[in-house]
Amino acid sequence: MELDKKKQEQAKKKAQQLIAKNEQKLVAQRVQRQARDFVQGNIKALLNNEFGINLSNLVAELSRKGDKQHLDEILEKLGDSACNEDLKIRERGVTVLSLCSSLLTDSEDWDLVERLTTLLVRWLRVETTYMTACDTVCRQLQENGLRMLQEGHWREASYLLETLFQIQSGFLEKSNTIRGVVSRTQDNLAVDYILEELSLICLKGKGPRQAMAEELLIHLGRKAAIFLLSKLLHCKEKNDRLRLIGLIPATGRVAMPVLEGFLAKDIPWYGKRNIILMIEAIGDPSYIHLIAPCLKFPDMRVQQQAIDSIYELGGPERKKHLLAALRYVMDDLKVHLVDILGRLGGDDLSHHFLDLLAERDQFSPQVKDALLGKLCVMLRLAPNKRTVNLLQSLVEEREQGVEPENDRVLTTAVQTLQLIEPGMKRQEKKKKKKKSVKKKDTRDEVSFTHDPAAQAHAKLNIRDLEAQVEKLLGEKQVEKAGEMLYEYGAESAREKDFVTAEMLRDRLLEVNPGALGEVIRLGEIIEAEKSSSIPGNHLKVWQDLYDKLGTEEFNALYETMEEEQFQPDETIVQQGEKDDRLFFINEGQVRLSCIQGESEIFLKRLGAGDVMGLGPFFSVSMWTVSLTASKNVKLHSLEYEHFRELVDRYPIIESTLLEFVTARDEIPELLKMSGEDRRQSVRHPVTIMVSNTLIDDYGQPSGKSFKGETADISSGGLSFYIRISRKENARHLLGRKLVTEFSGLKSKSFKRTGIIVGVKFQDYVDNDFSVHVQFARSIDQSALTPIVRQYGTTR
């Protein structure tokens, strides 16, 4: 009986095994059938628990059998499911992929491992909802990534590391939870022996493998940045340092806490400089505040790098930090800093530059002249009283020097004063005129509308007219009465009787409220006549000029000019200034003079009807004389820029005005009679080609060169002919410094630096100009004589 029982148990067990085996076959058959449906597009099959659990086993089995076609079809659908819009399908898809990856951890089929890793990374790139599978997947990606890196499958690992890097850098937006998991994964992949191997290949390798090593190091993030920065601080080879400096910023913002930490440490100057360079390379202006403290670092090399990097990073805080640096960077760097601030521009700069100029006694002797020269140039954009006062003080100091004639700072300061003083005078005159006009307008307004005497006079004038209007109104002829008021109002306006005209305008509206159009037109006539109201004495003084112009041109020219007044002994324009205005004297007396050596030579007394400024206005030159008010002077000035706008509308004005002014220009003859000339030395006619290069105020070539044929030369300057396509371009040469090179001489060739003091029209057809240059340093007679002998001409 016991034997029968035992047999029964064995039979039962065997039956259960057969049932289980049969069930497994049935499950396998169902899974295979569901797999076919799944591959054909029924992705909801994944929601079946039996299919979802057993699908990973099917994948492992297909891998063992080598059934690559079916395996690829299933994996492709799993990858699509893991990125599906439906969260449940997406979660089931990535879970199955994760199970497949765990079953194939030790697989030697690298293609399959890479394929599964790629699919999991693809899911991680698009997933934005944290799910339980996220931790497991990242752990598997970490294991697969380490295996790839250890066994040299770098290319296969690059997609994984790039994705982790993009999530950490914010390129791929994720929740903080997902980013935290990814951060741990990235750190765990950056093990020391892998970083050491990659950095070695990066520094010593070549070709594609070196490039791949760089890419992997960059994508390993924070720990890689720490590793590379530590290596940089101990690196002795320059080329290796440069490569590392380029690599670290590429790791992105994850490197910033690392860089900030090292910057706060007590490290050598070159370490500070390198970190500043790397922060600059990251290119985010919000990190300027990390660099700013380095502007006070005691090593000049660090200060210079901090200045340059702050400038390159840009942003709203840049200028504030650079302006503050003027107070504490070393003097050797202030020239460079002033230049950089000048590029940024802004009205607030002049205040800081003037403060610096006021402290010039404290400048280091080695850079004092360079810094003063740079400040003088920058202050050309700051025409105000403080600028003039400080520059005049500087000029007085420098004139007491050993060789003031060779002092470049003195020359630059004088030139700056010559450039800004005319503009300041104009500004002051405009301010005074504005105040004066404001007061005058107030009085005029009272006289027009409320002055009893003016109103009484106007009523007397229209007494007869008013009687006629009343008669017409009595006859119900309202429109005719309105026409009469309109005609008399327009006539009064043209006669400049504005009180009467405005009274008639108001009366017209009162008589005929429907005549609104006529009222408006009459108002426009009154305003037009007010704006074109030209004083009678002005018309009388300049009658000869206005007779040559039509009414429209005459009014346009007058409106373009600006009225100015000068007190006795007040300077109107100074010899040597660059002022392109034409002056028309209306009344008063003006003293015309020039400076010869240290003496002032009186040339002529000017009065009403005289016009001055032909050379600077039409021929483009510095002022060769000075104009000073002897008595109260009233004049009109015409700015060249406004004149060009006027000529665009009325071309005839240019030739008419040029003819009128040329006939009255006595300055060349007066200067000749006085013995005064821009070049006091003997001029020698010579013909030789010279090469000219425009330079800045510090002798640096601007890159703009041109050739010219000389007309004459003296020990103090020369003139040469050039062709300029547009006349307006000639004006841009005035006041520019240049280097003139004489070549082809039998004797040794040489160069001379000078400044362009005049550009004159020679030929209207060919656009030929003569350029007049004053040398900064005279030519010795021993050098001048061979030029005159070899290239002299008889005229």
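Results for (1) under 25 Å from VAL759 (Cα atoms); (2) out of contact with any Lys or Arg (no Cβ under 7 Å at 6 or more places or on another chain), shown as yes or no for each residue.
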{"residue": "ASP579", "(1), (2)": "yes, yes"}
{"residue": "GLU600", "(1), (2)": "no, yes"}
{"residue": "MET612", "(1), (2)": "yes, yes"}
{"residue": "SER619", "(1), (2)": "yes, no"}
{"residue": "SER630", "(1), (2)": "no, no"}
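Being among the basic types (Lys, Arg), open to solvent by 40 Å² or more (accessible area, probe 1.4 Å), out of contact with any strand residue (DSSP E or B) (no Cβ under 9 Å at 6 or more places or on another chain) and under 17 Å from SER169 (Cα atoms) is a property that ARG253 has.
Do we find a residue being over 27 Å from GLU151 (Cβ atoms) and open to solvent by less than 20 Å² (accessible area, probe 1.4 Å) anywhere in region 72-86? For region 72-86, residues over 27 Å from GLU151 (Cβ atoms) and open to solvent by less than 20 Å² (accessible area, probe 1.4 Å): present.
Results for (1) farther than 26 Å from LEU62 by Cβ; (2) modelled with pLDDT under 90; (3) in contact with a Gly (Cβ under 8 Å, 6 or more places away or on another chain), shown as yes or no for each residue.
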residue	(1), (2), (3)
LEU75	no, yes, no
ARG92	no, yes, yes
VAL96	no, yes, yes
LEU119	no, no, yes
ALA133	no, yes, no
GLY145	no, no, no
SER158	yes, no, no
LEU164	yes, no, yes
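Do we have any residue at all in region 94-109 that's of a type in the set (Ser, Thr, Tyr), under 30 Å from GLN210 (Cβ atoms) and in a helix (DSSP H, G or I)? No, region 94-109 has no match at all. Residues of region 640-673 that are crowded, with 16+ Cβ neighbours inside 10 Å and either at pLDDT below 75 or within 40 Å of the chain's Cα centre (by Cα) (or both): TYR640, PHE643, LEU646, TYR650, ILE653, LEU657, LEU670, LEU671. Here LYS439, LYS425, LYS429, LYS433 are screened, and the one residue that is within 29 Å of GLU563 (Cα to Cα), at pLDDT below 70 and either loosely packed, with under 14 Cβ neighbours inside 10 Å or acidic (Asp, Glu) (or both) is LYS439.
State whether one or more residues within region 231-239 are assigned to a helix (DSSP H, G or I), touching a Leu at 6+ places or on another chain (Cβ under 7 Å) and either open to solvent by less than 30 Å² (accessible area, probe 1.4 Å) or in contact (Cβ under 8 Å) with a residue 12 or more places away in the chain (or both). Within region 231-239 (the criterion being assigned to a helix (DSSP H, G or I), touching a Leu at 6+ places or on another chain (Cβ under 7 Å) and either open to solvent by less than 30 Å² (accessible area, probe 1.4 Å) or in contact (Cβ under 8 Å) with a residue 12 or more places away in the chain (or both)), the answer is yes, since at least one residue qualifies. A Cβ distance below 8 Å, combined with a sequence gap of six or more or placement on separate chains, defines the contacts here; from region 776-790, residues that are within 12 Å of VAL682 (Cβ to Cβ) and outside any loop (DSSP other than H, G, I, E, B) reach residues that are open to solvent by 40 Å² or more (accessible area, probe 1.4 Å) and modelled with pLDDT of 80 or more in the pairs LEU784/HIS684; VAL788/HIS684. Among the numbered conditions (1) within 25 Å of GLU260 (Cα to Cα); (2) surrounded by 18 or more Cβ atoms within 10 Å (Cβ to Cβ), the only one that ARG301 does not meet is (2).
Okay, residues lined up against (1) over 18 Å from GLN34 (Cα atoms); (2) of a type in the set (Val, Ile, Thr); (3) more than 52 Å from the chain's Cα centre (by Cα):
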site: ILE53; (1), (2), (3): no, yes, yes
site: LEU58; (1), (2), (3): no, no, yes
site: ARG64; (1), (2), (3): yes, no, yes
site: GLU76; (1), (2), (3): no, no, yes
site: SER101; (1), (2), (3): yes, no, yes
site: ASP109; (1), (2), (3): yes, no, yes
site: LEU112; (1), (2), (3): yes, no, yes
site: LEU124; (1), (2), (3): yes, no, no
site: GLY145; (1), (2), (3): yes, no, no
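Every listed requirement among (1) at positive phi; (2) of a type in the set (Asp, Glu); (3) open to solvent by less than 20 Å² (accessible area, probe 1.4 Å) is met by ASP569 save one, (3). Scanning region 578-636 for residues that are in contact with a Cys (Cβ under 7 Å, 6 or more places away or on another chain) and of a type in the set (A, V, I, L, M, F, W, C) yields ILE601, LEU603, VAL625. Of the helices (runs of 4 or more DSSP H) lying entirely inside region 330-398, the ones with 2 or more residues being open to solvent by 20 Å² or more (accessible area, probe 1.4 Å) and of a type in the set (Asp, Glu) are found at 331-344.
Scanning region 606-619 finds one or more residues that are assigned to a loop (DSSP other than H, G, I, E, B), open to solvent by 20 Å² or more (accessible area, probe 1.4 Å) and charged (D, E, K, R).
The values are calculated or read from the model by the stated rules, or taken from the named source; none is laboratory data. Model, not experiment: these values are computed from the prediction. Neighbour counts are summed over all protein chains in view; Cβ atoms, including those assigned to glycine, are modelled from backbone coordinates with ideal geometry. The protein model used for the area step is the full one, side chains on, heavy atoms only, and it has no ligands, DNA or RNA in it. Shrake-Rupley method; radii C 1.70, N 1.55, O 1.52, S 1.80 Å.
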